Amino acid sequence: HQIIKSNYFDIIYTGKWYGTTLQDPTLLFKALAEINNPQIRLVWYTNTDVHTQINNLAKLYKLTTPLIINNYVPNNEIPNLLNQSSIILVLTNKNNRGIMTTKFFEALGVEKPILCVHSDEGCLAQVIQETKSGLAATNVEEVKEFILHYYNQWQKQGYTHVCVKNKEQFTRQNQALQFENIFNSIIK
């Protein structure tokens, strides 16, 4: 991880957005509408075909938080964006148990607070809890508390940080060793 101070408290989402059925940001939009702080920005780097849907959600929930929607960026730019963020957004839904995207593991690596909305109430929520890396949210109030907690940290330091427990078990190298062990047990 890298410490980068920033002038804005950015909640960043990077990756494809599949819509509210699979990835429901409703809790976040409701929480931000209640917080109403112009220093907090919601920044998206996502597929062009959903930009209008995101803007429509912001209008639906009367979001006054600055909303910045960008197209995809090259993969090699993602770590820098994540390091500049204040909170990394992971989108899912409680019906999506067992789906853990690469974006989640990238977020663990940079040790920024992870806000998962809506909690999958499964593996993802469990790993977030075990690693102490953030919140798998189930209601608006806990989303607001989470954002405001890290907003206070950002105001004092100019950046946010979480100490992720046992993050080394989620490295690509460690996962490759786990696959190797599985394949070797099958071959034997």
- request: List the helices (runs of 4 or more DSSP H) that sit entirely inside region 63-160 and contain at least 1 residues that are open to solvent by 20 Å² or more (accessible area, probe 1.4 Å) and in contact with a Gly (Cβ under 6 Å, 6 or more places away or on another chain).
  value: 102-110, 123-131
- request: Output the number of the condition that L60 fails; it satisfies all remaining conditions of (1) out of contact with any helix residue (DSSP H, G or I) (no Cβ under 7 Å at 6 or more places or on another chain); (2) surrounded by 19 or more Cβ atoms within 10 Å (Cβ to Cβ).
  value: (2)
query: Checking K30 against (1) open to solvent by 20 Å² or more (accessible area, probe 1.4 Å); (2) outside any helix (DSSP H, G or I); (3) touching a helix residue (DSSP H, G or I) at 6+ places or on another chain (Cβ under 6 Å), which single condition isn't satisfied?
result: (2)
task: Could you tell me whether L42 is at pLDDT 95 or above, assigned to a strand (DSSP E or B), out of contact with any Lys or Arg (no Cβ under 6 Å at 6 or more places or on another chain) and buried (at least 17 other Cβ atoms within 10 Å of the Cβ)?
output: yes
field: Residue check, G19 buried (at least 20 other Cβ atoms within 10 Å of the Cβ) and of a type in the set (G, A, S)
entry: no
task: Identify, from the list E121, E111, the residue that is at pLDDT below 90, on the phi > 0 side of the Ramachandran plot and among the acidic types (D, E).
output: E121
task: Evaluate the following for I54: is it in contact with a Ser or Thr (Cβ under 8 Å, 6 or more places away or on another chain), open to solvent by less than 90 Å² (accessible area, probe 1.4 Å) and either part of a strand (DSSP E or B) or in contact (Cβ under 8 Å) with a residue 60 or more places away in the chain (or both)?
output: no
message: If the requirement is being closer than 18 Å to K30 by Cβ, touching a Ser or Thr at 6+ places or on another chain (Cβ under 6 Å) and of a type outside the set (A, V, I, L, M), which of these qualifies: T160, T138, T64?
response: T138
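The values are calculated or read from the model by the stated rules, or taken from the named source; none is laboratory data. As the structure is a prediction and not an experimental result, all values here were calculated from the model. All Cβ positions, glycine included, derive from the backbone under ideal geometry; neighbour counts span all protein chains shown. Heavy atoms of the whole protein, side chains included, go into the accessibility calculation; ligands, DNA and RNA do not. Shrake-Rupley method; radii C 1.70, N 1.55, O 1.52, S 1.80 Å.
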